[in-house]
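To keep things clear, I will list the structure first and then write my remarks on it.
The values are calculated or read from the model by the stated rules, or taken from the named source; none is laboratory data. What you are looking at is a predicted structure, and each value in this text was computed from that prediction instead of being measured. Here the Cβ is made from the backbone with ideal geometry for all residues, glycine too, and neighbour counts use every protein chain on show. These accessible areas exclude ligands, DNA and RNA; they are computed on the full protein's heavy atoms, side chains included. Shrake-Rupley method; radii C 1.70, N 1.55, O 1.52, S 1.80 Å.
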Amino acid sequence: MRTDLATAVQTATTQTTAVQSSTAQTSTAVQTSTAQTTATVRNLGILAHVDAGKTTVTERILFLTGETHKRGEVHDGTTVTDFDPQERDRGITIFAAAVSCAWDGHRINLIDTPGHVDFADEVERSLRVLDGAVAVFDAVAGVEPQSESVWRQADRHGVPRIAFVNKLDRAGADLDAAVASIRERLHPAPLAVQLPIGREDGFTGVVDLLTMRALTWADRPGPDAYQEGAVPEELREEAELRRRMLEEAVAGLHPGALEEFCDRGSLTPGTLAAALRDLTRTGEAVVVLCGSAYRNRGIEPLLEAVVAYLPSPLDVPAVRGAAGGAEVERAADPAGPFAALVFKVNATATGRLTYLRVYSGTLRKGDTVLDAGTGRTERIARILRVQADRHAETGSAVAGDIVAVVGAKAARAGATLCAPSAPVVLEPTVAADPVVTVAVEARRATDTDRLATALARLAEEDPSLVVRTDPETGQRVLSGMGELHLEVAVEKIRRVHGLEVTVGRPQVAYRETIADGVRGLVYRHVKQEGGAGQFAHLVLDVAPLDGDVAEGFEFRSTVTGGRVPKEYVQAVEAGCRDALAEGPLGGHPVTGVLVTLTDGATHPKDSSDLAFRTAGRLALREALRKCGPLLLEPVAEVTVSVPEDAVGGVLGDLAARRGRVQGSAPRAGTAVVSATVPLAELFGYATRLRSRTQGRGTFTTRPAGYAPAPR
């Protein structure tokens, strides 16, 4: 059932599309039809903290749109998107899964993303190819740590969002408190467009504040359970007050709405809906809806909001890339040159699936495309519409589509596939640096080669996993984003590849920095072995970067008079970066350093890039030893939810793990403790917490950078 808000925004969208298509006088009828089809596509992700209900929301969307005929449940292991055996065993989303469905004449390509911090890289790669997102929040907990993390990830990618406050049927659920937490912790202007009908177990529906109609759901599942009627008399006064507050908030943010509000003293539903769409697309505000996905309440209005407020591929700015050293744009034009970005690879024993987002042009079965990064051509054997672990073959994919292809043998996540006649390189995603490392060995010597193949396939599928060989021990070392991340990877080796492996104790990734600085360090590099020699003379200032524990590296040059030519200055910087790879304390990477080249000298014959690069490396190594080097260890923000009678024991345990407690707050019969704890001290914490709280305690973590380790 359509509401007025969807109708109003759809009218505006149709008008915009008509204006855009009128400028293309030479387009054929087929091209016009394809462009209109692109305008009805919505590429969105479901984002949230673990256990906020992302997967349940996805399952209800698939059920209501007719893609599934039975509601999947996380606790039963029957969901479509959590199809991996480990996801069903653990009851969490581990791998981003793409599905597609149709609603009200629109095709919705949806990616259900993980909520656990260890799998944040899956979220990052998904957000890179999405046009919008639905952020799901727990009505009891509000904004949780990982909710905040994925929200910041979406901010970096400029992805418009709407919010869905889930689990309003739970004890302690409070929409106003959840909205307040969005305002306080995420800092957009949250605009609630619904008022709940009933509380906790009595939650039966919502009042749509745009149409001022009540939407209620019966206990039976299905489209016929959704009914529309008049606002209950006992809620009319509050609904009118909230509608007025919504109009005032929108008028304060949107110039067009402000003009109408000043003229009429109120806003029409069409103006209000159009203003909400504009504010959503610019990120100035976030529309907030509510419901209970588990009880099938609130999903239809959520789908209508997705269609009404989130952008189509035609509404977002043209993707930018590099071609021939210049920046170029690729608009979402099916008739333009083909360009797509690979965001996921699934390498299985039966074949290799490459998931990509088409930004421009049309891809057809049998086409030859160029991997712009490697210069290798690939032939596309098949194009598949993805439904999690099920696939339907299609003949083509156009701008705005998210599909999987078979035949691309070497393309990695982040690669650009494009037309050979119009090469372009799109900006890839960058995998985060791993923070936890384990040694992995095959139990049987005969399985060593098979283990190497399995590890290579893991790294191919997940760029946040790094595989290397320790030069000192000769062991194969697997590094990832956390303990759970590595557990899942090792278990996949056992289940998928049938290998028995031995895993060493996890080790964290340390860093080094400096506490002091040194000024006027003079270093002369002179080497003469017959013929042209090497000569470089440097004067360096080395200091810590500003901040308590600053990260990164900064290089400056204040040399005047051409005493060190520009090309040699670049060589000095490269040498300094080489020196930062291994610090003086334990060979860990060095961060938080500012190097300034203040003076130097050259030789007319013996100076070269190599000489100055070598001098830069050796000079900085010498300087680091004199600057009071410090060892840094990774720390994590830990949020622990425990029964109130177990708070004392939990606080004592955190203190024993060198944790710094930030605060404690009551929440619905439990206590929520926030602390900063060294990552090395969190190994095995889940088992310890369950023991101290008789299985009633839970905790979540997110990276919090680095802090000085005890001397």
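Just a few scattered comments:
- Test: residue in segment 621-629 that is acidic (Asp, Glu) and in a helix (DSSP H, G or I): yes
- Candidate set from segment 689-711 (those that are within 19 Å of Pro145 (Cα to Cα) and of a type in the set (A, V, I, L, M, F, W, C)); member that is least open to solvent (accessible area, probe 1.4 Å): Leu689
So that you can scan it fast, the table gives a plain yes or no per residue for (1) of a type in the set (Lys, Arg); (2) out of contact with any Asp or Glu (no Cβ under 7 Å at 6 or more places or on another chain); (3) within 30 Å of Cys576 (Cβ to Cβ):
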| residue | (1), (2), (3) |
| --- | --- |
| Leu620 | no, yes, yes |
| Leu624 | no, yes, yes |
| Pro643 | no, yes, no |
| Ala671 | no, no, no |
| Thr676 | no, no, no |
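- Of the set (1) among the β-branched types (Val, Ile, Thr); (2) crowded, with 16+ Cβ neighbours inside 10 Å; (3) modelled with pLDDT under 90, all apply to Thr560 but (2).
- Tally, over segment 400-448, of residues that are in contact with an Asp or Glu (Cβ under 9 Å, 6 or more places away or on another chain) and charged (D, E, K, R): 5
- Of everything listed in (1) crowded, with 20+ Cβ neighbours inside 10 Å; (2) more than 23 Å from Gly705 (Cα to Cα), the single unmet condition for Gln475 is (1).
- Look at (1) out of contact with any helix residue (DSSP H, G or I) (no Cβ under 7 Å at 6 or more places or on another chain); (2) modelled with pLDDT under 90; (3) open to solvent by less than 30 Å² (accessible area, probe 1.4 Å); (4) of a type outside the set (S, T, N, Q) and you find that Ala120 fails only one, number (1).
- Among the criteria (1) crowded, with 17+ Cβ neighbours inside 10 Å; (2) in contact (Cβ under 8 Å) with a residue 60 or more places away in the chain; (3) more than 30 Å from Arg702 (Cβ to Cβ), the one Ser421 does not fulfil is (1).
- Residues of segment 636-671 classified as without any contact (Cβ under 8 Å) to a residue 40 or more places away in the chain and either crowded, with 19+ Cβ neighbours inside 10 Å or outside any loop (DSSP other than H, G, I, E, B) (or both), total: 20
- Contacts under 6 angstrom Cβ, first residue in segment 593-620 being under 11 Å from His525 (Cβ atoms) and buried (at least 20 other Cβ atoms within 10 Å of the Cβ), partner polar (S, T, N, Q) and at pLDDT below 95, 6 or more apart: Ala611/Gln534
- Selection count where residues are among the acidic types (Asp, Glu), more than 24 Å from Thr354 (Cα to Cα) and touching a residue at least 40 places away in the same chain (Cβ under 8 Å), scope segment 425-480: 2
- Among the conditions (1) surrounded by fewer than 17 Cβ atoms within 10 Å (Cβ to Cβ); (2) in contact with a His (Cβ under 8 Å, 6 or more places away or on another chain), the only one that Arg128 does not satisfy is (1).
- Every pair of residues 6+ apart whose Cβ atoms lie under 7 Å, when the first sits in segment 266-293 and is among the charged types (D, E, K, R) while the second is assigned to a helix (DSSP H, G or I) and open to solvent by less than 10 Å² (accessible area, probe 1.4 Å): Arg277/Val9; Arg277/Ala308; Arg277/Tyr309
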